[in-house]
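All remarks here apply to the structure that follows.
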Amino acid sequence: MSESFDVVVIGGGPAGYPAAIRAAQNKLTVACIDEWKNREGLPVFGGTCLNVGCIPSKALLESSELYHRLREEFAVHGIRTTGASFDVAQMQKRKGGIIKASTQGILALFKASGVTPLQGHGKLLPGRRVEFTAHDGTRRELAAKHVVLASGSLPAELRSVPFDGKTIIDSCGALDLDAVPKRLGVIGAGVIGLELGSVWRRLGSELTVLEALPEFLPIVDQQVAKEAQRQFKKQGFDIRLGAKVTGAKIQGDAVSVTYSDARGEQSLTLDKLIVAIGRRPFTRDLLSAGTGVELDERGFIKVDHECRTGVEGIWAVGDCVRGPMLAHKGKEEGVMVADLIAGRFAEVNYKTVPSVIYTAPEIAWVGLTEEQVKASGRAYKVGVFPFLASGRARAMEQTQGFVKLIAAQDDDEILGVHIIGPLAGELIAEAVLAMEYSASSEDLQRTMHAHPTLAEALHEAALAADKRAIDFVNR
Ligand code: FAD
Ligand code: NAD
């Protein structure tokens, strides 16, 4: 006889584990299956995000940023720091401790909410059944009223530059380096390239970033992208746009990369090369024949706006389905599905998914870029407030960047907010909330903000959209 659950979730990353917890909160019986094993070979929950993604990258970004600020920015505060040095092994140890605490935290949450954790491989069978193969090889069949597929994603490979795991590495390898590479290359000037490039650049690597596209950060509002490019250049990033990589050859401990750009054929010799050209959905051995679940032409599981696959009772969420590959997007989808299964109202507002790039300065945005608004043909107004005019930013000695708010000319609806500057990733939350509640730019203008705070910059940007900024000369 097979075990049965109301809900079986396959995948315990930031899309799967919240789905399992919310389903249990909804008084459903739930199992969550995950096959991840950590570096010590121990099974853990948390997926990419906790093990090799969001959390470890932010841990190293924090350590390297502290060191960079200590060296470059403390003197102006009157703090002398002669003789400062760093220890990569301790940075990695701290990172490891954070991962351990975070992944163990999920098991504790499962225990407290009544989710059954199953560590091993899950495979969907026809008829809402799941084959579970534990790490010791034992196999059993689970019956479920609902199955949530949350199998995540993997780094995309570049055929002409295959990973060797030592010199040519993916984001996981880039998070695990035990020494600072002297000459570091990154293929892809995207989120991972910029964040992990920042970590090692701050610790001393000579950094070259090869980007295939001719523009820098095309998904970002171009006024912000230009400011970011300027700031990264100042930090010593060598970003080469329009670079088509043609191959890479390992030579001893180094790698020689060839690429072509507007100037012709080029080559570079590097000590480490990170390939960060995007991620692809992971569905290997997830679906047996006859389940009826379909994949699209890029390998994503096909779903509608409510994450229904089209097969009754089978849902899919997170990186394995369409939309931005972001932990919080997956989390909201997981929670939505668990509530829909329980018959509750739930939806995800895909128009207000915030994005953050955790570089210095941080870059954060929600809604449409100015380029997208312009292309839509809707009349709009823009308010920009530079952090240079913010009292708090000046006190923090962090005055690079600005807040930009775009609102509709006709009804004042906030269409997009774009921030580059200190704590942009925290500041964007107010803009997300405003847009979620359909606030107008005037609503933000009429909302009192504590002084002196960085959040005042958003207030002033809203005022600037109507040429009513107080702390900055309106143009
Ligand atoms: P995953 O986290 O990939 O989890 C999927 C899980 O499913 C895995 O644990 C896997 O073992 C399991 N699984 C798959 N198939 C099976 C199977 N058949 N049986 C059993 N288990 C299975 N996003 C952000 O929002 N903010 C960030 O700052 C951020 N930083 C990142 C930094 C890096 C370096 C990387 C690589 C990614 C980052 N991301 C960030 C993206 C984020 O990690 C992903 O969007 C998120 O992890 C996706 O969640 P998920 O649950 O869909 O998939
Ligand atoms: P990305 O899509 O952000 O960037 C990939 C970059 O590589 C793009 O600029 C692309 O034009 C470029 N590229 C593609 N093929 C290339 C080639 N052959 N040669 C040179 N350049 C090439 O992808 P990523 O940086 O790998 O990150 C993967 C996913 O992980 C993203 O979707 C992102 O959302 C997520 N992530 C999020 C965060 C965050 O939220 N802070 C951090 C890291 C990763």
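Being assigned to a strand (DSSP E or B) and buried (at least 17 other Cβ atoms within 10 Å of the Cβ), is that true of even one residue in the range 216-233?
No, the conditions are met nowhere in the range 216-233.
Please go through the range 446-460 and give me each residue that is under 21 Å from Pro422 (Cα atoms) and of a type outside the set (Ser, Thr, Tyr), ordered by number.
Met448, His449, Ala450, His451, Pro452, Leu454, Ala455, Glu456, Ala457, Leu458, His459, Glu460
Which pairs do you get when a residue that is in the same structural domain as Arg69 (by TED's automatic domain parsing) and more than 12 Å from ligand 2 (Cβ to nearest atom), found in the range 181-206, comes within reach of a residue that is open to solvent by 10 Å² or more (accessible area, probe 1.4 Å) and among the polar types (S, T, N, Q), reach meaning Cβ atoms under 8 angstrom, with the pair 6+ apart or on two chains?
Pairs found: none.
Output the residues belonging to the range 443-471 that are farther than 14 Å from Arg392 by Cα, open to solvent by less than 80 Å² (accessible area, probe 1.4 Å) and out of contact with any Gly (no Cβ under 8 Å at 6 or more places or on another chain).
Hits for the range 443-471 are Asp443, Leu444, Gln445, Thr447.
Sort through Ile414, Ile428, Ile363, Ile406 and tell me the only one that's open to solvent by less than 50 Å² (accessible area, probe 1.4 Å), assigned to a strand (DSSP E or B) and within 16 Å of ligand 1 (Cβ to nearest atom).
Testing whether each residue is open to solvent by less than 50 Å² (accessible area, probe 1.4 Å), assigned to a strand (DSSP E or B) and within 16 Å of ligand 1 (Cβ to nearest atom) leaves just Ile363.
When you check Leu60 against the structure, is it assigned to a helix (DSSP H, G or I), at pLDDT 95 or above, in contact with a Leu (Cβ under 7 Å, 6 or more places away or on another chain) and crowded, with 16+ Cβ neighbours inside 10 Å, yes or no?
So Leu60 passes the test.
Which one of Val186, Val191 is within 16 Å of ligand 1 (Cβ to nearest atom), open to solvent by 10 Å² or more (accessible area, probe 1.4 Å) and within 30 Å of Lys93 (Cα to Cα)?
After ruling out the rest, the residue left standing is Val191.
Specify which of the listed residues (Ser160, Ser102) is outside the structural domain of Asp34 (by TED's automatic domain parsing) and either of a type outside the set (A, V, I, L, M) or exposed (fewer than 12 other Cβ atoms within 10 Å of the Cβ) (or both).
Residue meeting the stated conditions: Ser160.
Does Arg140 fit the bill of being within 13 Å of ligand 2 (Cβ to nearest atom), on the phi < 0 side of the Ramachandran plot and open to solvent by 60 Å² or more (accessible area, probe 1.4 Å)?
So Arg140 fails the test.
Is the range 351-359 home to any residue that is under 24 Å from the mean Cα position of the chain (by Cα), at pLDDT 95 or above, open to solvent by less than 20 Å² (accessible area, probe 1.4 Å) and within 30 Å of Lys27 (Cα to Cα)?
Yes, that holds for at least one residue.
For the range 373-381, does any single residue satisfy the condition of being among the aromatic types (Phe, Trp, Tyr) and open to solvent by less than 40 Å² (accessible area, probe 1.4 Å)?
For the range 373-381, residues among the aromatic types (Phe, Trp, Tyr) and open to solvent by less than 40 Å² (accessible area, probe 1.4 Å): absent.
Identify, by number, the condition in (1) touching a helix residue (DSSP H, G or I) at 6+ places or on another chain (Cβ under 7 Å); (2) part of a helix (DSSP H, G or I) that Val7 doesn't meet.
Going through the list (1) touching a helix residue (DSSP H, G or I) at 6+ places or on another chain (Cβ under 7 Å); (2) part of a helix (DSSP H, G or I), Val7 breaks only (2).
Got a number for residues in the range 1-18 being surrounded by fewer than 24 Cβ atoms within 10 Å (Cβ to Cβ) and small (Gly, Ala, Ser)?
Residues that pass the stated criteria total 2.
Could you run through the range 315-331 and say how many residues are more than 11 Å from ligand 1 (Cβ to nearest atom) and either in contact with a helix residue (DSSP H, G or I) (Cβ under 8 Å, 6 or more places away or on another chain) or assigned to a helix (DSSP H, G or I) (or both)?
Number of matching residues: 1.
Looking at the range 151-173, is at least one residue within 16 Å of ligand 2 (Cβ to nearest atom), over 30 Å from Phe232 (Cβ atoms) and in contact (Cβ under 8 Å) with a residue 24 or more places away in the chain?
Checked against the condition, which is being within 16 Å of ligand 2 (Cβ to nearest atom), over 30 Å from Phe232 (Cβ atoms) and in contact (Cβ under 8 Å) with a residue 24 or more places away in the chain, the range 151-173 yields at least one hit.
The values are calculated or read from the model by the stated rules, or taken from the named source; none is laboratory data. Just so it is clear, the model here is predicted, and its values are computed rather than measured. With ideal geometry, Cβ positions are generated from the backbone for all residues, glycine too; neighbour counts draw on all protein chains shown. These area figures cover heavy atoms from the full protein model, side chains too; ligands, DNA and RNA do not enter into them. Shrake-Rupley method; radii C 1.70, N 1.55, O 1.52, S 1.80 Å.
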